[in-house]
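These notes concern the structure reproduced below.
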Amino acid sequence: MTTIVQLNKEQHQNLRLVEKPELSLVQDKNMVPVLAQEIPQLATELPLVFVKNAQTGEFTLVAMLGLQERQNLMIQDDKWLGGTLPSCLTHSPLGLSINAADKTQFAVTINTISENISESEGHSLFSEDGTESDYLKKRIEVLKNYYQCGESTYQFTKLIVDLELLEQQTLSYELKGQKQSVSGIYLVNEKKLNDLENEKFIELRNNGALSAIYGHLVSLKTIDKLVKRLK
Amino acid sequence: MIKKIIILGGGAAGWLTANHLAISLDLKCNPDVEVTLIESPKIPTVGVGEGTVPMMRETLEYFGIRETDFFRKCDATFKQSIKFVEWLDNPNTSPGQFYHHLFDYPSINEFNIVPYWLMKDVPDRERFAGSISPQESICEQGLAPKSITHPEYKGYLEYAYHLDAFKFSELLAQNAKRLGVKYFQAEIVDVNQAVDGTIESISTDSKGKALADLFIDCSGFSSFLLGKHLGVKFVDKDDVLFVDNAIAMQVPYLDESSPIASNTIATAKSAGWIWDIGLTSRRGVGHVYSSNHTSHDEAEKVLREYVGKQADQLSCRRIPMRVGHREVFWYKNCVAIGLAQGFVEPLEATGLLLFDATARMLAELMPANKMQIESSAKLFNQRALRSWEKVIDFIKLHYFLSNRDDSQFWIDNRAESSATQSLLDKLAMWKSRPPSTYDFYSRFETFNLDNYLYVLYGMNFETDLSDTKGRFQKQKLAQEIFRDISGRGEYLASQLEFNRELINKIHQFGMQKC
Ligand SMILES: Cc1cc2nc3c(=O)[nH]c(=O)nc-3n(C[C@H](O)[C@H](O)[C@H](O)COP(=O)(O)OP(=O)(O)OC[C@H]3O[C@@H](n4cnc5c(N)ncnc54)[C@H](O)[C@@H]3O)c2cc1C
């Protein structure tokens, strides 16, 4: 049974939200999706790579949090060990469900078993007269903004895919003197990037994709930081 | 120099040839050569030919066609096998018996497990294909050969496609035009030959004369240039293969989510057999039969019975076929590709395969000038003839090994006098040893070791190893391999989606190039 339902004032009038990242949800995940807009902040902390969505085969930009399946090296005792928290971890228990046919139409959803839900602590979602509280309005704006950035991240990824810059590669690191590697990930091939026709290259620069691509490439070095957390 | 080439005919063969020439001659950049395809707006293409073999994957990729586009534009589906139903025994005694000719070729190079399968006791021996490859069970479950995360043209298992013949020609046409092939519509009404018999030009009904150095006849069964005007004789093969007519029908699915089979189903009947090919929006079904062994009306009835009640509302179309091939395929400055070259019944989807292979051969052997035509033609004719003979042997095998004796058609088909000597020679050897790669002339043969293994042992051909038992002592290893294969089958089944589900995803999300 799904625990994610559409938020409505009849059922959820008295709910309050505690505002903190719900890290338990990703405790055994070795990656989370990130936005292209987050690349500059995250690139110095986490390897940002592309993986294929198992359901659709489409490429998704993710931050690596571990070196193998089910390993998350960024969370300890329910605390985030890094500096910047990927924004996807800040929304729970709220979410948006977008109408596929008309993307301006959406519904706000809530995960009813979230540990951030309370009846006594935190911010109210609805005022006594049943209208959305200012707090909820603010949260919805944040979600909408997140969704829009998600769309542009999708376009950014599509651009890289269409230019055939991605390539399945392994990311290697050393552990106790042994060479190891992460596979199943896709990275921009620098040679292909440099070989692009001038026109395409300028297009990438002008729409901001180029700096995001460099951010992605620079971020790969941070795999060593993850390895250090292993020890 | 060969500067102008005309392709006559815009069916699958014409456009396959156009694509091959465009790539080989680099038409887009090459200022020296011009290839033009001419097609009659009035004479329709045959419009059948919906089953392919794995080579098609290579060809599409070579043409630079995205697999995603191909699926979206040609109503294409995955084909992993041909399932032969009721070919072995009389249907009244064992209804529904079948075997698969799979596309997954197990690697038997390092260790050959075939003899170990042969040494199992016949009554409790599992089906051959199912024992040596996980693909049989994947087909039986209607699963796809790959997942949505596989790159285009790659998968867990080998595969080919089912496709809509008209839409496929259309896609090939678009691609050939993109690659620089010129095109116009007109009917060719006459051929103007020099004294030595070479074609100088062809006359059209509406666009005047067209000159060229080389003419490629892709006019279909009419063989307009090579057969009709150059008089190259047709070599009938109706003494080996008896079917000479087809009745085809298009059967819509009952609803949008009806499952799509992962293989062609070829069901033997008393005077021929029925093909059943699942596309995305409909099935293509047809009865191929020998008019010497049944009447057209009876043949149509058999097809309608096979389709069931749904057939009552559906019309069908009869296509007469002549089995055999031209004596030569390249004569003077005229080369035939496609049905103009010859035809055998579509039992193993050899049509497109042979035409694709010969079109590529032509493209690669394309002489630089007219003086070289003769030597290129000689080589081309030798190779192509060999391919035809091999295909005929292989098709005949399916009939010859049958135990059916429930109609004259099967009795005649099993008569030794109806088999070719080359086939009889091979079978004689394989009575005491399983086939080997060395039985096959080269890797370029159309049907090779694996294909023969699937059909021979699918049809319970007996290879007696009693004198050679001593050579096969690695029973334990063999058992492990058999177990691994079935384990892999279970693993794949847990990973794979149904054929239709994956195809829907391909339509929605596309497949990635890498
Ligand atoms: C019953 C049946 C089932 C088949 N099933 C399969 C299968 O499952 N798999 C497979 O691979 N193959 C199959 N085939 C073979 C397949 O149909 C052919 O390989 C394929 O369609 C190629 O046909 P073609 O291009 O040679 O001829 P056609 O499709 O007949 O095209 C002939 C073209 O020539 C043009 N033309 C003819 N005369 C003139 C003229 N005088 N002037 C101008 N233009 C002219 C026509 O307009 C047309 O464009 C099957 C064939 C039959 C008969």
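Considering only the range B:202-226, state which residues are part of a strand (DSSP E or B) and crowded, with 16+ Cβ neighbours inside 10 Å.
If the condition is that a residue be part of a strand (DSSP E or B) and crowded, with 16+ Cβ neighbours inside 10 Å, then B:Ile202, B:Thr204, B:Ala210, B:Leu214, B:Phe215, B:Ile216, B:Asp217 are the ones that fit.
Among the residues in the range B:312-326, are any assigned to a helix (DSSP H, G or I) and touching a residue at least 12 places away in the same chain (Cβ under 8 Å)?
Step one: of the range B:312-326, the residues assigned to a helix (DSSP H, G or I) are B:312-313.
When the remaining residues are screened for being touching a residue at least 12 places away in the same chain (Cβ under 8 Å), the result is none.
Scanning the range B:312-326, I find no residue that is assigned to a helix (DSSP H, G or I) and touching a residue at least 12 places away in the same chain (Cβ under 8 Å), so the answer is no.
I need a count of the residues in the range B:367-388 that are open to solvent by 30 Å² or more (accessible area, probe 1.4 Å) and either outside any helix (DSSP H, G or I) or in contact with a His (Cβ under 9 Å, 6 or more places away or on another chain) (or both).
Just the residues of the range B:367-388 that are open to solvent by 30 Å² or more (accessible area, probe 1.4 Å), to begin with: B:368-372, B:374-375, B:378-379, B:382-383, B:385-386.
Now narrow it down to the ones that are either outside any helix (DSSP H, G or I) or in contact with a His (Cβ under 9 Å, 6 or more places away or on another chain) (or both): B:368-369, B:385.
So the count comes out to 3.
Got at least one residue in the range B:440-455 being closer than 26 Å to B:Ser387 by Cβ and over 22 Å from the mean Cα position of the chain (by Cα)? Even if it seems obvious, please write down each step before you answer.
Restricting attention to the range B:440-455, the residues satisfying the condition of being closer than 26 Å to B:Ser387 by Cβ are B:440-455.
Subsequent filtering for residues that are over 22 Å from the mean Cα position of the chain (by Cα) retains none.
No: zero hits.
Output the residues belonging to the range B:299-353 that are within 8 Å of the ligand (Cβ to nearest atom) and either more than 14 Å from B:Gly220 (Cβ to Cβ) or hydrophobic (A, V, I, L, M, F, W, C) (or both).
Hits for the range B:299-353 are B:Ile319, B:Met321, B:Ile337, B:Leu339, B:Ala340, B:Phe343, B:Glu345, B:Pro346, B:Ala349, B:Thr350, B:Leu352, B:Leu353.
Please find, within the range A:156-200, the residue that is most open to solvent (accessible area, probe 1.4 Å) out of those that are more than 23 Å from the chain's Cα centre (by Cα) and basic (Lys, Arg).
This residue is A:Lys176.
Okay, residues lined up against (1) farther than 21 Å from A:Thr153 by Cβ; (2) part of a helix (DSSP H, G or I):
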site	(1), (2)
A:Gln168	no, no
A:Glu174	yes, no
A:Ser181	yes, no
A:Gly184	no, no
A:Leu187	no, no
A:Leu193	no, yes
A:Lys200	no, yes
A:Ala212	no, yes
A:Lys221	yes, yes
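Given B:Leu339, B:Leu353, which one is of a type outside the set (Gly, Ala, Ser), surrounded by 23 or more Cβ atoms within 10 Å (Cβ to Cβ) and outside any loop (DSSP other than H, G, I, E, B)? Spell out how you get there, then give the answer.
Working: B:Leu353 fails: surrounded by 23 or more Cβ atoms within 10 Å (Cβ to Cβ).
So the residue among B:Leu339, B:Leu353 that is of a type outside the set (Gly, Ala, Ser), surrounded by 23 or more Cβ atoms within 10 Å (Cβ to Cβ) and outside any loop (DSSP other than H, G, I, E, B) is B:Leu339.
Test each condition in (1) within 10 Å of the ligand (Cβ to nearest atom); (2) free of Cβ contacts under 8 Å to residues at least 40 places away in the same chain for B:Leu163 and report the one that comes out false.
Going through the list (1) within 10 Å of the ligand (Cβ to nearest atom); (2) free of Cβ contacts under 8 Å to residues at least 40 places away in the same chain, B:Leu163 breaks only (2).
Being over 21 Å from the mean Cα position of the chain (by Cα), in a helix (DSSP H, G or I) and more than 29 Å from B:Ile65 (Cβ to Cβ) is the requirement here; does B:Ser94 meet it?
On the way: over 21 Å from the mean Cα position of the chain (by Cα): yes; in a helix (DSSP H, G or I): no; more than 29 Å from B:Ile65 (Cβ to Cβ): yes.
For B:Ser94, the condition - over 21 Å from the mean Cα position of the chain (by Cα), in a helix (DSSP H, G or I) and more than 29 Å from B:Ile65 (Cβ to Cβ) - is not met.
For the subset of the range B:16-47 comprising residues that are under 13 Å from B:Lys182 (Cβ atoms) and either within 13 Å of the ligand (Cβ to nearest atom) or assigned to a strand (DSSP E or B) (or both), which member is nearest to the other protein chains (Cβ to nearest Cβ)?
That would be B:Ala18.
Identify, by number, the condition in (1) under 21 Å from A:Thr157 (Cβ atoms); (2) more than 14 Å from chain B (Cβ to nearest Cβ); (3) crowded, with 20+ Cβ neighbours inside 10 Å that A:Lys52 doesn't meet.
(2)
Kindly indicate whether any position in the range B:63-71 is within 26 Å of B:Pro259 (Cα to Cα), within 16 Å of the ligand (Cβ to nearest atom), open to solvent by less than 10 Å² (accessible area, probe 1.4 Å) and in a loop (DSSP other than H, G, I, E, B).
The first filter runs over the range B:63-71 and keeps only residues within 26 Å of B:Pro259 (Cα to Cα), leaving B:66-71.
Narrowing the set further to residues that are within 16 Å of the ligand (Cβ to nearest atom) leaves B:70.
Remaining after also requiring open to solvent by less than 10 Å² (accessible area, probe 1.4 Å): B:70.
Next, only the ones that are in a loop (DSSP other than H, G, I, E, B) stay: none.
No, because not a single residue in the range B:63-71 is within 26 Å of B:Pro259 (Cα to Cα), within 16 Å of the ligand (Cβ to nearest atom), open to solvent by less than 10 Å² (accessible area, probe 1.4 Å) and in a loop (DSSP other than H, G, I, E, B).
In the list B:Ala160, B:Ala186, B:Ala194, B:Ala210, which residue meets the criterion of being within 22 Å of B:Pro31 (Cα to Cα) and either at pLDDT 95 or above or outside the structural domain of B:Thr358 (by TED's automatic domain parsing) (or both)? Quick ask: steps written out before the conclusion?
Details: B:Ala160 fails: within 22 Å of B:Pro31 (Cα to Cα); B:Ala186 fails: within 22 Å of B:Pro31 (Cα to Cα); B:Ala194 fails: within 22 Å of B:Pro31 (Cα to Cα).
Going through B:Ala160, B:Ala186, B:Ala194, B:Ala210 in turn, just one is within 22 Å of B:Pro31 (Cα to Cα) and either at pLDDT 95 or above or outside the structural domain of B:Thr358 (by TED's automatic domain parsing) (or both): B:Ala210.
Sort out which residues of the range B:227-255 are of a type in the set (A, V, I, L, M, F, W, C), open to solvent by 40 Å² or more (accessible area, probe 1.4 Å) and either closer than 22 Å to B:Asp75 by Cβ or within 9 Å of the ligand (Cβ to nearest atom) (or both), and write them in order of number.
The one that is of a type in the set (A, V, I, L, M, F, W, C), open to solvent by 40 Å² or more (accessible area, probe 1.4 Å) and either closer than 22 Å to B:Asp75 by Cβ or within 9 Å of the ligand (Cβ to nearest atom) (or both): B:Leu254.
Run down B:Ser94, B:Ser131, B:Ser169, B:Ser137 and say which single residue is farther than 30 Å from B:Cys74 by Cβ, of a type in the set (S, T, N, Q) and buried (at least 18 other Cβ atoms within 10 Å of the Cβ). Let's see the steps before the verdict.
Details: B:Ser94 fails: buried (at least 18 other Cβ atoms within 10 Å of the Cβ); B:Ser169 fails: farther than 30 Å from B:Cys74 by Cβ; B:Ser137 fails: farther than 30 Å from B:Cys74 by Cβ.
Of the residues listed, the single one that is farther than 30 Å from B:Cys74 by Cβ, of a type in the set (S, T, N, Q) and buried (at least 18 other Cβ atoms within 10 Å of the Cβ) is B:Ser131.
Determine which member of the set B:Glu110, B:Glu58 is outside any loop (DSSP other than H, G, I, E, B) and open to solvent by 40 Å² or more (accessible area, probe 1.4 Å). Outline the logic, then answer.
Working: B:Glu110 fails: outside any loop (DSSP other than H, G, I, E, B).
Checking each option against the conditions leaves just B:Glu58.
Any residue that is under 28 Å from B:Gly510 (Cβ atoms), within 14 Å of another protein chain (Cβ to nearest Cβ), open to solvent by 30 Å² or more (accessible area, probe 1.4 Å) and modelled with pLDDT of 95 or more - is there at least one of those in the range A:208-218? Step through it out loud before you land on a result.
First, the residues of the range A:208-218 that are under 28 Å from B:Gly510 (Cβ atoms): A:208-217.
Applying the additional criterion that residues be within 14 Å of another protein chain (Cβ to nearest Cβ) yields none.
No, because not a single residue in the range A:208-218 is under 28 Å from B:Gly510 (Cβ atoms), within 14 Å of another protein chain (Cβ to nearest Cβ), open to solvent by 30 Å² or more (accessible area, probe 1.4 Å) and modelled with pLDDT of 95 or more.
Show me the helices (runs of 4 or more DSSP H) found entirely inside the range B:399-514 where at least 1 residues are among the hydrophobic types (A, V, I, L, M, F, W, C) and within 14 Å of another protein chain (Cβ to nearest Cβ).
Details: elements: B:408-414, B:421-430, B:449-458, B:475-495, B:499-509.
Here the list reads B:499-509.
Determine which member of the set B:Val48, B:Val53, B:Val35 is farther than 30 Å from B:Tyr454 by Cβ and surrounded by 16 or more Cβ atoms within 10 Å (Cβ to Cβ). Walk me through it before giving the result.
On the way: B:Val48 fails: farther than 30 Å from B:Tyr454 by Cβ; B:Val53 fails: farther than 30 Å from B:Tyr454 by Cβ.
Criteria check complete, one pass: B:Val35.
Residue check, A:Ser92 against (1) within 16 Å of the chain's Cα centre (by Cα); (2) modelled with pLDDT of 95 or more, all met but one. Which one?
For A:Ser92, the failing item is (2).
The values are calculated or read from the model by the stated rules, or taken from the named source; none is laboratory data. Predicted, not measured: the structure shown is a model, and the values here were computed from it. Cβ: placed from backbone, ideal geometry, glycine included. Neighbour counts: every protein chain shown. Ligands, DNA and RNA are stripped out before the accessible areas are found, and what is left, the full protein with its side chains, is counted by its heavy atoms. Shrake-Rupley method; radii C 1.70, N 1.55, O 1.52, S 1.80 Å.
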